[in-house]
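J.: The structure that follows is given in the form of structure tokens.
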Amino acid sequence: MSSPHAKSTAPAALTLRNVTKRFDGAAGQVTALEDISLDVREGEFLVVVGPSGCGKSTLLSLLAGLEHTNEGEIRLGEEAVVAPGRDRLVMFQQDALFPWLNAIENVLFGLRLKPDLTEAERLESARYYLNLVGLGNKEKARPHELSGGMRQRVALARSLAPNPRVLLMDEPFSALDALTREQLYGDIQEIFTKRKKTIVLVTHNIREAVCLGDRVVLFSPNPGRVQQVFDVNLPRPRRMNDPALASLAAEVTTALSSHLAK
Amino acid sequence: MASKLPRPVIPTVIAVLFLVGWEWFVRTGPDTRAVLVPAPSHILKWFWEALLSGELLSATWVTMRRLVIGFAIGAALGVPLGALCARVRWVRDTLGVLALGLQTLPSVCWVPLALLWFGIREEAVLFVVVMGTIWAVVIAVQESVLNVPPLYLRAAQTMGSNGWHLWSRVIFPAALPGVLSGMKQGWAFAWRSLMAAEIFVVIVTGFGLGSLLNAGRELLRMDQVMGVMAVVMLVGLLADLVFFSPIERWLRRSRGLER
């Protein structure tokens with residue numbers, strides 16, 4: 001199984017240097033993120049975990065290029081991140097599938113924006129990724145005809161199909177029931193191992209973070225800062241009820257609550 | 001107990017009783033009563049004669065043509081204007097607000113100006129119909145575009161969609177149900193304003209249903225007046241039944257908003 005230490009010398013896919021992000025709120029300026037410096041290595045599964053209000057979703061929007069930093073910079077490889085781009089695709093909180101398109105058309109949406117592919121190649125690729133997430137037989141189904149878990153699988157296929165350099169995941173499992181979620185953890189880990197993607201996942205679920213991440217970055221709120229970074233050296237595929245996983249999750253929880261108590 | 005009967009039975013019985021009662025009421029009264037209130041048989045007789053003489057069909061054709069052309073112009077102008085209102089704040093604060101005001105104005109109020117500007121001609125009626133349609137469409141398009149879930153836009157943008165692609169592939173499809181109900185409302189306004197315009201003004205370029213109704217008034221032929229009223233209702237119902245409702249139902253079903 002993959003060991004995160006083997007990758008420690010890998011070049012950084014995403015680099016954040018002294019990133020600060022402020023919003024104009026009703027009660028004056030709010031600092032969502034303060035002085036964040038972080039490297040995401042090529043081929044790494046990095047999980048950002050923290051309570052609500054710690055700016056983790058803001059971080060993802062910044063990485064996606066949907067928002068802009070006030071200070072500091074974000075680079076993808078050598079290039080500064082200033083706008084959304086196909087090299088960083090996002091899988092969102094609830095299904096952001098388009099209800100007027102069926103499953104395969106949804107997956108094709110991003111592929112059709114890649115000009116260097118023929119239509120046949122696009123279709124082939126869309127089918128490949130729908131199969132990869134186990135929905136090869138649901139090509140023509142509309143989003144409303146699929147269960148919540150299936151919809152998130154289509155969303156996963158949609159963000160994987162254009163082959164982005166980095167996959168950004170914004171709490172993609174939070175709206176799902178526990179059983180479906182656990183199934184998806186398995187799928188994601190399998191795809192991650194198979195496709196060697198760089199993934200940044202944001203979640204408030206500490207167990208989930210430890211289950212999926214090579215590294216877990218704990219954020220603390222008000223303002224959002226990096227509090228502590230944990231390496232997870234457990235073999236994949238990991239299961240939620242693994243005792244080693246539970247003890248590491250407890251360690252993260254303790255770190256978080258000791259900070260919140262301050 | 002009544003649940004054993006098929007559902008249409010009771011309404012049919014009541015309708016027949018109502019018509020028979022109405023017929024009896026007119027026939028047993030003095031002759032003047034038939035002038036004031038034509039019996040169902042009189043109305044049917046007028047309907048049959050008008051149908052045979054071709055008068056009814058040609059009037060319906062003239063009215064429908066005006067309605068369809070005026071509606072098409074109103075919708076064709078209203079959609080881009082509504083999109084512009086949604087896209088540009090100062091347009092929304094000017095044209096959007098104006099549209100809200102003008103939508104509440106029954107478009108028959110435009111008749112005096114229309115006659116002055118275009119003369120007693122087809123263009124004047126079309127103008128009134130366009131004014132009836134356009135504002136409802138502008139407002140509906142503006143609102144539905146503004147209400148497109150931001151999540152769709154963010155998802156599309158990260159996949160590299162922007163500009164015209166974003167509008168045509170994401171914003172318009174997402175806004176379509178709202179746009180359609182706006183068009184339906186525009187159609188209803190246009191239909192009412194057209195009738196009013198045709199009744200008030202004799203347009204020399206065509207003899208529509210409204211003119212036919214007005215002619216009935218001048219001849220004191222209430223059978224004709226009520227007959228035209230029935231036709232106007234039928235046309236309105238048919239437009240909804242064969243055009244708007246099926247599209248709306250298909251749209252809602254395909255998105256799982258309704259089964």
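The values are calculated or read from the model by the stated rules, or taken from the named source; none is laboratory data. Predicted model only: the values in this text are computed from it and were never measured. Cβ sites come from the backbone with ideal geometry, for glycine too, and all protein chains shown count toward neighbours. We work out accessible area using only protein heavy atoms, side chains counted, and drop any ligands, DNA or RNA first. Shrake-Rupley method; radii C 1.70, N 1.55, O 1.52, S 1.80 Å.
J.: Looking at the stretch A:156-187 only, could you name the residues that are in contact with a Gly (Cβ under 8 Å, 6 or more places away or on another chain) and of a type outside the set (K, R)?
T.: Hits for the stretch A:156-187 are A:S159, A:A161, A:P162, A:A175, A:L176, A:D177, A:T180, A:Q183, A:L184, A:D187.
J.: Now for a separate question. Tell me the residue from B:L95, B:L81, B:L77, B:L102 that is within 21 Å of the chain's Cα centre (by Cα), open to solvent by less than 50 Å² (accessible area, probe 1.4 Å) and in contact (Cβ under 8 Å) with a residue 24 or more places away in the chain, please.
T.: B:L102
J.: Here's another thing I want to ask about it. Can you confirm whether the stretch A:48-62 contains a residue that is in contact with a Lys or Arg (Cβ under 7 Å, 6 or more places away or on another chain), among the hydrophobic types (A, V, I, L, M, F, W, C), crowded, with 17+ Cβ neighbours inside 10 Å and without any contact (Cβ under 8 Å) to a residue 60 or more places away in the chain?
T.: yes
J.: Test A:A244 against the criterion of being crowded, with 17+ Cβ neighbours inside 10 Å and not in a loop (DSSP other than H, G, I, E, B), and give yes or no.
T.: Considered against the rule, which asks whether it is crowded, with 17+ Cβ neighbours inside 10 Å and not in a loop (DSSP other than H, G, I, E, B), A:A244 comes out as no.
J.: Next up: Anything in the stretch A:101-113 that is among the small types (G, A, S) and either at the interface with another protein chain (Cβ under 8 Å from one of its Cβ atoms) or open to solvent by 30 Å² or more (accessible area, probe 1.4 Å) (or both)? List them, or say none.
T.: A:G110
J.: Please tell me if B:A155 is part of a helix (DSSP H, G or I), within 14 Å of chain A (Cβ to nearest Cβ), crowded, with 18+ Cβ neighbours inside 10 Å and touching a helix residue (DSSP H, G or I) at 6+ places or on another chain (Cβ under 6 Å).
T.: So B:A155 fails the test.
J.: B:L67 - would you say it is under 26 Å from B:N214 (Cβ atoms) and open to solvent by less than 40 Å² (accessible area, probe 1.4 Å)?
T.: Taking the combined requirement at face value, the residue satisfies it.
Table: residues versus (1) within 25 Å of B:L234 (Cα to Cα); (2) at pLDDT 90 or above; (3) among the acidic types (D, E).
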| position | (1), (2), (3) |
| --- | --- |
| B:N147 | no, yes, no |
| B:G160 | no, no, no |
| B:H165 | no, yes, no |
| B:P173 | no, yes, no |
| B:S181 | yes, no, no |
| B:G186 | yes, no, no |
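J.: Consider A:D116 against the criteria (1) more than 12 Å from chain B (Cβ to nearest Cβ); (2) over 22 Å from B:I171 (Cα atoms); (3) outside any loop (DSSP other than H, G, I, E, B): it satisfies all of them except one. Which criterion is unmet?
T.: (3)
J.: Confirm whether A:S159 is facing chain B (nearest Cβ under 10 Å), closer than 21 Å to B:G160 by Cα, open to solvent by less than 50 Å² (accessible area, probe 1.4 Å) and among the hydroxyl-bearing types (S, T, Y).
T.: When the stated conditions are applied, A:S159 passes them.
J.: Continuing with this model, one more query. Of all residues in the stretch B:201-235, count the ones that are in contact with a Phe, Trp or Tyr (Cβ under 6 Å, 6 or more places away or on another chain) and open to solvent by 20 Å² or more (accessible area, probe 1.4 Å).
T.: So the answer is 1.
J.: Here are B:S181, B:S168: which of them is away from every other protein chain (no Cβ under 13 Å), within 20 Å of B:R252 (Cα to Cα) and open to solvent by 20 Å² or more (accessible area, probe 1.4 Å)?
T.: Sole residue among the options that is away from every other protein chain (no Cβ under 13 Å), within 20 Å of B:R252 (Cα to Cα) and open to solvent by 20 Å² or more (accessible area, probe 1.4 Å): B:S181.
J.: Which of the residues that make up the stretch B:183-212 are in a loop (DSSP other than H, G, I, E, B) and under 13 Å from B:R66 (Cα atoms)?
T.: Passing the criteria: B:I203, B:T205, B:G206, B:F207, B:G208.
J.: Considering only residues that are part of a strand (DSSP E or B), open to solvent by 60 Å² or more (accessible area, probe 1.4 Å) and in contact (Cβ under 8 Å) with a residue 24 or more places away in the chain, look in the stretch A:65-80 and name the one that is farthest from the other protein chains (Cβ to nearest Cβ).
T.: Step by step, filter the stretch A:65-80, then rank; the result is A:E71.
J.: Let me ask another. Just need a number here: residues in the stretch A:81-113 that are outside any loop (DSSP other than H, G, I, E, B) and not polar (S, T, N, Q).
T.: Number satisfying all stated conditions: 12.
J.: Give the residue that is farthest from the other protein chains (Cβ to nearest Cβ), with candidates limited to residues of the stretch A:81-100 that are surrounded by fewer than 21 Cβ atoms within 10 Å (Cβ to Cβ) and of a type in the set (A, V, I, L, M, F, W, C).
T.: Checking each candidate, the answer is A:V82.
J.: Sticking with this structure for a sec: Among the residues of the stretch B:45-62, which ones are in a helix (DSSP H, G or I) and either in contact with a Phe, Trp or Tyr (Cβ under 9 Å, 6 or more places away or on another chain) or without any contact (Cβ under 8 Å) to a residue 24 or more places away in the chain (or both)?
T.: B:W48, B:E49, B:L51, B:L52, B:S53, B:E55, B:L56, B:L57, B:S58, B:A59, B:W61, B:V62
J.: Please work out which one of (1) open to solvent by less than 70 Å² (accessible area, probe 1.4 Å); (2) under 19 Å from the mean Cα position of the chain (by Cα); (3) not small (G, A, S) is the condition A:Q227 fails and give its number.
T.: The single condition A:Q227 does not satisfy is (2).
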